[in-house]
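Everything on this sheet refers to the single structure shown next.
The values are calculated or read from the model by the stated rules, or taken from the named source; none is laboratory data. The shown structure was predicted, so the numbers you read here are calculated from the model rather than taken from an experiment. When we count neighbours, we look across all protein chains shown, and the Cβ atoms used for this are built from the backbone with ideal geometry, even at glycine.
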Amino acid sequence: MADTELPGKVATTFPGKVVETYSLHGNDTVVIRRDDAVEIFRTLRDDPTFAFNMLVDLTAVDFLGREPRFEVVYHLYSLTLNHRLRVKIRVPEDDATVPSVSSLWKSANWLEREVWDMFGIRFTDHPDLRRILMYEEFHGHPLRKDYPVNKRQPLVEERDPITNPWYKK
Amino acid sequence: MAATARQLVGEVLDPTSEVMTLQMGPSHPATHGTIKFNLRLDGEKILACEVEIGYLHRGFEKMCEQRTWNHVVPYTDRLNYASPLINNVAFALAAEKLLELEVPERCQYIRMIMSEISRITDHLTCLGMAATEAGAISVGFYMLEARETLYDLVTAVTGARLTVSYTRVGGITYDLPQGFAGMVKDAFQSIRQILADCDKLLSRNRIFVDRMSGVGVLSQEDAISYGVTGPLLRATGVPYDVRKAQPYLFYDRVEFDVPTGTQGDNYDRFTVRFEEIKQSMRIVEQALGQLPPGPICVDDPRVVLPAKRDVYGSIEGLMNHFKLVIEGVKIPPGEVYVPVEGANGELGFYLVSDGSGRPYRVRVRPPCFFGMAALGEMLKGYLVSDIITTFGMINMIGGECDR
């Protein structure tokens, strides 16, 4: 079942590129740098010792007051080897960008849109990065810790959805 | 904009036609759920379908950060409201994993029984509605009748049909009522009868099979890449079920099969769900047979509310109650991801605690979100009328998809 060696295996596969590894409550975790992200994720997906063919979840956590402020959290699962891995990338507030993995897993497309919508973290090379749960005119990113829970939003102009759609044509 | 169909898909469809843009929704009578499809059509044929979600976004994850751990439980009812008990159980399991808490066996069995009953209600809702939308309205009524017998069971246990709020961190609210096994037996007997009728009405019904078979096909490769789980993935032939792959509760102590399909079309999704109802009933019957006596909550005053006689009879009990209600259960700092098999696929809770009585971050992995992301892919090349059946088989629940 749980492969306790997994974080170590990732660390030896990518020497010097894994910042931190730990296992907590049976969840194996590795922390990587965003510059290596696409390369590492591609190997994790394609290498038969990992075979993470499914990106199960992608989300972020806002640690306001800590530096770097954001953590982007990926949960990977391998259908063939039945193991899971959590990968984290820490992102500072003043440069909140992460390379997109939507070219590796199709599920990343919507998940990254949601993280952009909720946290304001940009995904570079994303094919279609726009809000998904909120509307385009929404001010701010609601799941940031400095977004007040009772904040009101301005009224927006009515828009003709045919001539002026939200999405780019 | 007069782009011809040929320019868009690179093949000759109808040389005289122009591409039409059609907005379907967000409040369309044939889609149960507030959702918008931006369609590009060549006549009746779908060239591209862009799905817009978010109409039911209520800020679930933000709300959870404002409340204590146990206050989150009623919010989870309102995620997938067709199977609220599975959400309750998943959240409780995740919080207990952060606490490294082992709940009593009886509690775990009851959670398993109620999860499976909830899974049946969810599947009956999905199949009944899908059949209704495909024109078989009587099947819809039969299935709702079957669902109602299960809601009677849920009401007898939790006191509510939908907003059950049944679990707490460290246990459940009520034990099963007396004579519950008998009630389940009667209910399952009538459900089996109804399912047999529905099987006769649908499974070889020419109209229904024509509407479902070979429609909305998603390849196995795409399904995996889109992160689709549950009946949608199993319909493509992948036997992935969290209950089997990484068993939680006591799913390793009961016998059940994981039905799979071969084509990945709507008909396979239908039959997979239909078969899963029968498997869930098997699990409930076995679990009721194994159900041990004992407590239903952990015996830990830091987690579980004291008995009422202590609250009103002693100052310690009163203080304990007050601290737990106002400050909440203190969960040590950490993070955890706990997946369970929801009715629509892998339902995961990713919780981050900072050691206070409130969650620092609650993230739900909503299974139907991934199905909706793949919907555009599933519909490409099919007809407008196929949107209804395909969307019905994804079983999008707005509360869960949009949170």
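Name the single residue, out of those in segment B:200-240 being more than 14 Å from chain A (Cβ to nearest Cβ), touching a Phe, Trp or Tyr at 6+ places or on another chain (Cβ under 7 Å) and of a type outside the set (Ser, Thr, Tyr), that is surrounded by the fewest Cβ atoms within 10 Å (Cβ to Cβ).
Keep residues of segment B:200-240 that are more than 14 Å from chain A (Cβ to nearest Cβ), which gives B:200-217, B:231, B:235.
Narrowing the set further to residues that are touching a Phe, Trp or Tyr at 6+ places or on another chain (Cβ under 7 Å) leaves B:202, B:209, B:212-213, B:215-216.
Still in the running and of a type outside the set (Ser, Thr, Tyr): B:202, B:209, B:212, B:215-216.
Working: B:202: 22, B:209: 14, B:212: 26, B:215: 21, B:216: 27.
Restricting to residues being more than 14 Å from chain A (Cβ to nearest Cβ), touching a Phe, Trp or Tyr at 6+ places or on another chain (Cβ under 7 Å) and of a type outside the set (Ser, Thr, Tyr), the top hit is B:209.
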field: Those residues of segment B:218-249 which are part of a loop (DSSP other than H, G, I, E, B) and farther than 25 Å from residue B:143 by Cβ, in sequence order
entry: B:219, B:226, B:227, B:237, B:238, B:239, B:240, B:246, B:247, B:248, B:249
- line: Matching residues in segment B:261-281 (under 15 Å from residue B:345 (Cβ atoms) and touching a Leu at 6+ places or on another chain (Cβ under 9 Å)) number 4
field: Residue within segment B:160-168 that is under 21 Å from residue B:277 (Cα atoms) and more than 21 Å from the chain's Cα centre (by Cα) present
entry: no
statement: Note on segment B:66-77: residues surrounded by fewer than 18 Cβ atoms within 10 Å (Cβ to Cβ) and among the charged types (D, E, K, R) are B:67
- prompt: Somewhere in segment B:123-136, is a residue within 14 Å of chain A (Cβ to nearest Cβ), surrounded by fewer than 21 Cβ atoms within 10 Å (Cβ to Cβ) and of a type in the set (A, V, I, L, M)?
  reply: no
task: Could you figure out which of (1) at pLDDT 90 or above; (2) out of contact with any strand residue (DSSP E or B) (no Cβ under 7 Å at 6 or more places or on another chain); (3) closer than 25 Å to residue B:87 by Cα isn't true of residue B:142?
output: (3)
query: Can you tell me which residues in segment B:172-208 are in contact with a strand residue (DSSP E or B) (Cβ under 9 Å, 6 or more places away or on another chain) and of a type in the set (Ser, Thr, Tyr)?
result: B:173
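The rows are residues; the columns are (1) farther than 25 Å from residue B:353 by Cα; (2) surrounded by fewer than 20 Cβ atoms within 10 Å (Cβ to Cβ).
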position: A:9; (1), (2): yes, yes
position: A:19; (1), (2): no, yes
position: A:63; (1), (2): no, yes
position: A:70; (1), (2): no, no
position: A:88; (1), (2): no, yes
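Residues are listed down the side, and each one gets a yes or a no for (1) surrounded by 10 or more Cβ atoms within 10 Å (Cβ to Cβ); (2) within 13 Å of chain B (Cβ to nearest Cβ):
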position: A:108; (1), (2): yes, yes
position: A:117; (1), (2): yes, yes
position: A:122; (1), (2): yes, no
position: A:128; (1), (2): yes, yes
position: A:133; (1), (2): yes, yes
position: A:136; (1), (2): yes, yes
position: A:163; (1), (2): no, yes
- prompt: Which of the residues spanning segment A:72-93 are more than 9 Å from chain B (Cβ to nearest Cβ) and under 17 Å from the mean Cα position of the chain (by Cα)?
  reply: A:72, A:74, A:76, A:85, A:87, A:88, A:89, A:90, A:91, A:92, A:93
- prompt: Could we say that residue A:38 is in contact (Cβ under 8 Å) with a residue 12 or more places away in the chain and within 14 Å of chain B (Cβ to nearest Cβ) here?
  reply: no
query: What single numbered condition from (1) in contact with a helix residue (DSSP H, G or I) (Cβ under 7 Å, 6 or more places away or on another chain); (2) within 14 Å of chain B (Cβ to nearest Cβ); (3) at pLDDT below 90 fails to hold for residue A:54?
result: (3)
